[in-house]
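Report on the following structure.
The values are calculated or read from the model by the stated rules, or taken from the named source; none is laboratory data. Quick caveat: nothing in here was measured; it's all calculated off a predicted structure. Positions of Cβ are backbone-derived with ideal geometry, glycine not excepted, and every protein chain shown enters the neighbour counts. These area figures cover heavy atoms from the full protein model, side chains too; ligands, DNA and RNA do not enter into them. Shrake-Rupley method; radii C 1.70, N 1.55, O 1.52, S 1.80 Å.
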Amino acid sequence: MIKSYVKKVLPETLKNRIIQYKSEVLKKQVLTLPLINEKDFECIIINSLGIKSGDIVFVHSSVDKMNLGFPFYNIINVLQNIIGENGTLVFPTYNNIPSYEFLKSGSVFNIKKTPGFTGVLNEFARRKKGAIRSLHPTKSVVAIGKLAEELTKDHHLSPYSYDMCSPYYKIVTNNAKVIGIGVKTTYLSMVHAVDDYMKADFPVNPYHLELFHSRCIDYNNNEVIVDAYAHDMKKMNFSLPDYIHENIPDNICKDVQELKTDFFIADAKLLFDKMLELAKNGITIYSKKFYKPGY
């Protein structure tokens with residue numbers, strides 16, 4: 001709450017200076033990390049994260065936090081070479097503002113033109129030939145590979161961002177793996193699939209009550225109205241790494257460091273099943289103060 005207030009009252013010029021300062025500090029810190037060449041990276045993906053031919057891989061990334069000795073965009077080539085023609089890569093391509101603000105503003109989501117703000121690698125993936133993006137105003141993903149269309153095609157059919165229509169649930173039913181490249185499990189977004197699977201039975205309502213009717217433009221340049229709820233950001237103040245460390249076995253999900261750089265690996269199906277079991281027993285990622293009466 002204090003952080004949000006400070007952001008609102010600070011002059012734009014000062015906010016830009018702070019952002020620039022943080023960026024410069026990060027660059028200096030990254031240069032102190034061991035250099036990761038392309039072969040090192042391939043070995044980490046195969047040996048430490050266990051990715052293999054035919055895998056469906058949901059990728060979270062921050063290449064700015066890695067000291068790469070090769071062009072960042074080659075990461076996609078390395079991953080594609082590992083998973084082969086039967087594999088699929090999936091990347092989140094969210095907006096640069098919270099869902100509620102975007103939907104409240106009445107902004108139009110264009111599946112071909114609206115950029116993603118979840119990292120330069122994800123935006124590069126969105127622009128690749130053959131990539132298919134889901135039609136969702138706030139929680140879209142882009143997929144490349146054999147199951148790209150299957151994973152993305154129904155996302156706009158439910159107002160819940162992460163339920164059975166979404167790519168986040170479909171990676172569960174298709175036994176996908178979720179990896180972090182340059183990031184910890186802080187960014188593991190598929191955890192919300194449990195919330196939306198349980199809906200009213202989940203201990204917390206993570207959404208605002210208002211249902212938005214968002215204007216979206218599909219690949220055929222047709223306007224489609226997509227119903228969507230927005231997450232209540234007041235309830236999103238949780239620590240996923242702590243939750244995972246305390247509740248999830250390492251064989252299901254874990255943070256790892258290789259060459260002093262953050263990575264993570266999760267089995268989507270096993271993680272979903274374990275989180276569902278925990279939620280039914282009143283254990284979630286959310287603060288108890290947001291629980292419904294009776295939990």
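Points to keep in mind about this one:
- Residues that are within 21 Å of TYR168 (Cβ to Cβ) and open to solvent by less than 50 Å² (accessible area, probe 1.4 Å), drawn from the stretch 250-266: ILE252, CYS253, PHE263, PHE264, ILE265, ALA266
- ILE56 open to solvent by less than 20 Å² (accessible area, probe 1.4 Å) and more than 16 Å from the chain's Cα centre (by Cα): no
- So GLU277, is it assigned to a helix (DSSP H, G or I) and farther than 18 Å from THR185 by Cβ: yes
- Some residue of the stretch 33-43 being among the basic types (Lys, Arg), under 30 Å from THR88 (Cβ atoms), surrounded by 12 or more Cβ atoms within 10 Å (Cβ to Cβ) and at pLDDT 95 or above: no
- Filter pass, THR118 being open to solvent by 10 Å² or more (accessible area, probe 1.4 Å) and touching a strand residue (DSSP E or B) at 6+ places or on another chain (Cβ under 6 Å): yes
- Unique match (being loosely packed, with under 15 Cβ neighbours inside 10 Å and modelled with pLDDT of 95 or more) among TYR229, TYR219, TYR286: TYR219
Okay, residues lined up against (1) among the basic types (Lys, Arg); (2) under 17 Å from the mean Cα position of the chain (by Cα); (3) open to solvent by 60 Å² or more (accessible area, probe 1.4 Å); (4) farther than 15 Å from SER189 by Cα:
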residue: THR93; (1), (2), (3), (4): no, yes, no, no
residue: LYS104; (1), (2), (3), (4): yes, no, yes, yes
residue: GLU123; (1), (2), (3), (4): no, yes, no, yes
residue: LYS146; (1), (2), (3), (4): yes, no, yes, yes
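- Pairs are defined by a Cβ separation below 9 Å, a sequence spacing of at least 6 or placement on different chains, a first member in the stretch 280-295 that is free of Cβ contacts under 8 Å to residues at least 40 places away in the same chain, and a second member that is open to solvent by 100 Å² or more (accessible area, probe 1.4 Å) and part of a loop (DSSP other than H, G, I, E, B); the pairs so defined are LYS288/TYR295.
- When LYS269, LYS235 are checked against the criterion of being closer than 26 Å to VAL57 by Cβ and at pLDDT 95 or above, a single residue qualifies: LYS269.
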